[in-house]
1. Could you tell me which residue of the range 6-26 is least open to solvent (accessible area, probe 1.4 Å), considering only residues that are touching a residue at least 24 places away in the same chain (Cβ under 8 Å) and not in a helix (DSSP H, G or I)?
2. Any residue in the range 301-322 that's under 10 Å from S172 (Cα atoms) and within 16 Å of the ligand (Cβ to nearest atom): show its pairings with residues that are among the polar types (S, T, N, Q) and at pLDDT 95 or above at Cβ separation under 7 Å, as long as the two are six or more apart or on different chains.
3. Pick out, from the range 45-130, the helices (runs of 4 or more DSSP H) lying fully within it that include 3 or more residues that are out of contact with any helix residue (DSSP H, G or I) (no Cβ under 6 Å at 6 or more places or on another chain) and within 16 Å of the ligand (Cβ to nearest atom).
4. Only one of Y209, Y204, Y179 is under 25 Å from S350 (Cβ atoms), among the hydroxyl-bearing types (S, T, Y) and away from the ligand (no atom under 12 Å from the Cβ); which?
5. May I ask you to list pairs of residues, at least six apart or on different chains, whose Cβ atoms are under 8 Å apart, with the first in the range 28-41 being on the phi < 0 side of the Ramachandran plot and among the β-branched types (V, I, T) and the second being part of a loop (DSSP other than H, G, I, E, B) and open to solvent by 30 Å² or more (accessible area, probe 1.4 Å)?
6. If you go through the range 333-351 one residue at a time, do you hit one that is surrounded by 21 or more Cβ atoms within 10 Å (Cβ to Cβ), part of a strand (DSSP E or B) and more than 21 Å from the chain's Cα centre (by Cα)?
7. T218: hydroxyl-bearing (S, T, Y) and within 27 Å of S145 (Cα to Cα), yes or no?
8. Say whether the condition of being in a helix (DSSP H, G or I), open to solvent by less than 40 Å² (accessible area, probe 1.4 Å) and closer than 20 Å to E29 by Cα is met by at least one residue in the range 360-368.
Amino acid sequence: MRFSLKLNLEDSATVSINSQVLERKARGEQILNLSAGEPVLPPHPAIVEGATVAMAAGKTGYPPSGGIVDLRRAAAEWINRSYDTQYSYTNTLVTPGGKFGIFAACHALLDPGDEVVIVAPYWVSYPSIVKIFGGVPVIVNTDASNQWRPSADAISAALTERTKIIILNSGSNPTGAVYTRSFLESVLRVAQKRGITVISDEVYSGLTYEGEFSSCGTFPEYKDSLIVINSCSKNFGMTGWRVGFVYAEESVIKILTKLQSQSTSGASIVSQYAALGALQHVDEVNAYVRGEMQKRRDLFVKGLQELLPNAAITAPRAGLYMFLPVSVFGSDLSSEEFCSRLLTETRIASVPGIAFGTEGYVRFSFGEREGELFAALEQLAKFPRK
Ligand code: PLP
């Protein structure tokens, strides 16, 4: 079979590591899985009730391809109330996860050779999705000295005649960086002036532990050049249900709905009712997930600080991850070699920084249960520094 040349495809590093871990666990191996980006906790009862009531009522047919109207309405009300935006349900599309929203937006916008500005360290899938559609990722690097935040000037300097999209990810995976309102506004202003679309990936918005989260959607004057992505996965602890949201101008939503109708036919209807259940009790559901994740973050950070007193370890402001230089473990290995050694010697699964475009780092997720985090800290304490 001859595959299309434009299908420049890599496996998602995080999904593939997690799948390997799950297989090894199924074979009886004991692995401490700090590789997956998910809040590991039982679903809030409102989610289960939303799904089971819908199933019992026989609401199991095809969904409307843009999502059930009640859910689109609830998702719009949630973002408006949380982040001072002004979306209606016609500006809201339900997708099978935030990832498909980004995929569909890139599909709709990109022609071969178009450039997409991406901030590194980046979520592993951005460059791969861009390349699938023949786009060219243009990377803007950041570092820990500025809390992993780019300047608006650095973004501007990366723009060319071919730039089609800028992807922003405040509440960053893997760094936890949260961008300021003024930075977001500066980028949106430049983008609008140059006819560039900003895709603002805000899937960790509800897992912000310190300070305020600002959505790009709070600036109505830039709505023509903006696509906001959000999701139930992290905010409501619903990774496996696969429900995400795209917020944009109605014309954009119409195009993406057509794409969805010709591809996935939309998110599972049972999952959509589960998500509606979550949104009907959204403050409670999000507080449940955020509270638990903050507790796990704090205990993992404290454990690492005690273990590595000279490493100046600070807590990430948002998200589910610690992104640390391998040098704090006394290692000068490449990030891949380091993660492989860690897995062999401590049974801890982690993700190498190179998967996020930044060598010399390792990402640990603190979304796992407390017992796993304590066990991982114990293993790290025994891990020889070399
Ligand atoms: N965006 C970022 C930054 C992520 O970390 C993830 C998942 O890890 C996603 C999007 C996709 O989330 P989902 O498709 O589960 O909504």
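The values are calculated or read from the model by the stated rules, or taken from the named source; none is laboratory data. Every value quoted in this text rests on a predicted model; they were computed, and no experiment measured them. Positions of Cβ are generated from backbone atoms using ideal geometry, with glycine treated the same way; all protein chains shown enter the neighbour counts. Just the protein is used for accessible areas: all its heavy atoms, side chains included, with ligands, DNA and RNA removed. Shrake-Rupley method; radii C 1.70, N 1.55, O 1.52, S 1.80 Å.
1. By that ranking, first place goes to S12.
2. P316/T175; R317/T208; A318/T208; G319/S172; G319/N173; L320/S365; Y321/N173; Y321/S365
3. 98-109
4. That would be Y209, the only listed residue that is under 25 Å from S350 (Cβ atoms), among the hydroxyl-bearing types (S, T, Y) and away from the ligand (no atom under 12 Å from the Cβ).
5. From the range 28-41, the pairs are I31/R347; V40/R369.
6. The answer is yes, given that some residue of the range 333-351 is surrounded by 21 or more Cβ atoms within 10 Å (Cβ to Cβ), part of a strand (DSSP E or B) and more than 21 Å from the chain's Cα centre (by Cα).
7. So T218 fails the test.
8. no
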